[in-house]
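Note sheet for the following structure.
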Amino acid sequence: MNNRKISNKARIYHRYLGFFLAGIMAMYAISGIVLIFRNTDAFKFSQTLQKEVATNLNEKQLGKSLGIKNFEIEKTKAEKVYFKEGVLNKQTGIATYEVKKLPVILESMTKLHKANTTRPLFWLNIIFGFSLLFFVLSAFWMFMPSTKIFRKGIFFTIGGIILTLILLFI
């Protein structure tokens, strides 16, 4: 196969795979932005919950039972245990507390974005990663090496690689 045919095939595959993956690329872009703000309350809404727990739990067990990370008891009074998110009635075992959650669609997006081998759809992340790698490589076969646009593209590639290295090491 000559270079022109390879270039044309690369363009065709690059184009249609790009159209096909437009939705998932948008999803990863949005969830990536949301994940940058995961240690803040950006994009989150408050929800008040009530949950009955055992009355004899220690601090660690109570935090785990309520599903609160970095749980800390702030003060304890006769029948009440106060913590940052709410209060527990020691006699009834009823905790009333506030949690901050992402809207359902953003929560689903971020779970997919962070998927690992313990999640059933982790293979989608692998396929998507290989697809992105294909985009990177196929871009170099979209134009003939003898053209001005290809040479200009190489300079942009070098600039992008330098930027990537700087970001990795700062």
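Listed here are the residues, each with its yes/no results for (1) more than 25 Å from residue 10 (Cα to Cα); (2) assigned by TED's automatic domain parsing to the domain that holds residue 12.
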site	(1), (2)
124	no, yes
134	no, yes
147	no, no
154	no, no
169	yes, no
For residue 131: the one exception among (1) at pLDDT 95 or above; (2) surrounded by 10 or more Cβ atoms within 10 Å (Cβ to Cβ): (1)
Unique match (being surrounded by 12 or more Cβ atoms within 10 Å (Cβ to Cβ) and part of a loop (DSSP other than H, G, I, E, B)) among 109, 144: 144
First in the range 156-170 and closer than 18 Å to residue 140 by Cα, second anywhere and surrounded by 10 or more Cβ atoms within 10 Å (Cβ to Cβ), Cβ under 9 Å, 6 or more apart: 157/139; 157/140
Among residues of the range 147-159, those that are within 34 Å of the chain's Cα centre (by Cα) and surrounded by 11 or more Cβ atoms within 10 Å (Cβ to Cβ), counted: 5
Selection count, the range 25-59, where residues are under 17 Å from residue 96 (Cα atoms) and of a type in the set (D, E, K, R): 3
Strands (runs of 3 or more DSSP E) contained in the range 1-102 and holding at least 1 residues touching a residue at least 24 places away in the same chain (Cβ under 8 Å): 45-52, 86-89, 94-101
So residue 163, is it out of contact with any His (no Cβ under 9 Å at 6 or more places or on another chain), exposed (fewer than 11 other Cβ atoms within 10 Å of the Cβ) and assigned to a helix (DSSP H, G or I): yes
Lone qualifier among 60, 77, 64, 90 - being out of contact with any strand residue (DSSP E or B) (no Cβ under 9 Å at 6 or more places or on another chain) and farther than 30 Å from residue 115 by Cβ: 77
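The values are calculated or read from the model by the stated rules, or taken from the named source; none is laboratory data. The structure presented is a predicted model; accordingly, all values stated were derived computationally and were not measured. Here Cβ is always computed from backbone atoms with ideal geometry, including for glycine, and neighbour counts include all displayed protein chains.
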